[in-house]
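Please treat every number below as a calculation from the coordinates, not as lab data. Every value quoted in this text rests on a predicted model; they were computed, and no experiment measured them. Every residue, glycine as well, gets a Cβ built from its backbone with ideal geometry; the counts of neighbours run over all protein chains shown.
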Amino acid sequence: MKYKLIIDKNVEEEIIAIVHAPSSLTQQIENLVCNFSGTDRITGYRDDEMRLLTFGEIECITVLDRKVIAIDVKGNHYRIQDRLRDLETVVPSYFIRINKSTLANEHRILRFDAVFSGGVDAVFQCGYREYVSRRCFAEIKRRYEGI
């Protein structure tokens, strides 16, 4: 397999892949290209700090006290100025909706726990827990069963 990258600021960006047959690699490349929005980070605010957060270090983006909050791998909470529905169009495809007010990085979900009330919680690697709605959990199950 050959790989060639040409960087030219004067030409419109274009990605061409020539393959013998489709495979899981070509599907991953297609997903990456189609879901790339031109940026891989967002600005988060905490106390007097402003920080660029890469999507890979964000565990989830949720609404707490009517504010959009990004929770990073260390469990720190950063306020995001964008609306959740606007962020949903920007985040990569590995962010999944787990309830009406939360987008979760599925690579950072440690496990799903059944809770006493009959629901399901997503447990993230930083220790943060968020409930998963029944509708979203059914979609997540279909997604994982399709693998």
Original post:
One-quarter of the Cα convex hull surface for region 50-117, in nm²?
Top reply: 5.3 nm²
Original post:
If you find the alpha carbon centre of region 56-91 and of region 1-31, how far apart are they in angstrom?
Top reply: 31 Å
Original post:
Can you give the extra length, in nm with one decimal, that the chain gains between Ile16 and Arg51 once fully stretched, where that is 0.36 nm per residue apart less the Cα-Cα distance?
Top reply: 9.1 nm
**OP:** Determine the calculated [θ] at 222 nm for the chain from helices alone, applying -39500 (n - 2.57) to every DSSP H run no shorter than 4 residues and normalising by the residue count; nearest 500 deg cm²/dmol.
**Re:** -5500 deg cm²/dmol
Original post:
Taking the chain as a Gaussian network, Cα atoms linked when under 10 Å apart, which of Leu25, Leu64, Leu52 shows the biggest mean-square fluctuation?
Top reply: Leu25
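Please work out how much length the chain gains when fully extended from Ser93 to Lys74, using 0.36 nm per residue of separation minus the C-alpha to C-alpha distance, in nm with one decimal.
Between Ser93 and Lys74, full extension yields an extra 4.6 nm.
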Subject >> Taking all pairs of distinct alpha-carbon atoms in region 1-73, Kirkwood radius in angstrom >> reply: 15.9 Å
Subject >> Loop-located trypsin sites (Lys or Arg not before Pro) in region 68-121 whose Cβ has at most 15 other Cβ within 10 Å (DSSP) >> reply: Lys74, Arg83, Lys100
Original post:
If you place +1 on the Cβ of every Lys and Arg and -1 on the Cβ of every Asp and Glu, how big does the dipole about the Cα centre of the chain come out, in debye to the nearest 20?
Top reply: 460 debye
Subject >> Low-density loop cleavage sites - chymotrypsin sites (Phe, Trp or Tyr not before Pro) in region 14-115, where at most 16 other Cβ are within 10 Å (DSSP) >> reply: Phe36, Tyr94
**OP:** Please work out the FRET efficiency for the pair Asp86 and Met1, using the Cβ-Cβ distance as r and a Förster radius of 41 Å; give the result to the nearest 0.05.
**Re:** 0.60
Original post:
From the phi of every residue in region 49-59, what ³J(HN,Hα) in whole Hz does the Karplus formula 6.51 cos²θ - 1.76 cosθ + 1.60 yield, where θ is phi - 60° and glycine or proline is x?
Top reply: 9, 10, 9, 7, 9, 7, 4, x, 9, 8, 6
Original post:
Lys100: which lysines have alpha carbons under 20 Å from its alpha carbon, excluding same-chain residues fewer than 8 sequence positions away?
Top reply: Lys67, Lys141
Original post:
Ordered by residue, what ³J(HN,Hα) values in Hz, to whole numbers, does region 4-10 give under the Karplus form 6.51 cos²θ - 1.76 cosθ + 1.60, where θ = phi - 60° and Gly and Pro are x?
Top reply: 9, 10, 10, 9, 9, 5, 8
Original post:
What is the pair-distance distribution P(r) of the chain, computed from all Cα-Cα distances in 5 Å bins starting at 0, with each bin given as a whole percent?
Top reply: 2, 8, 16, 19, 17, 14, 10, 8, 5, 2, 1, 0
Subject >> Angle in degrees between helix 24-35 and the longest Cα principal axis of the chain, rounded to the nearest 10 >> reply: 70 degrees
Subject >> Extreme residue, positive dipole direction of region 41-145, given options Thr54, Ala138, Tyr94 (C-beta unit charges) >> reply: Ala138
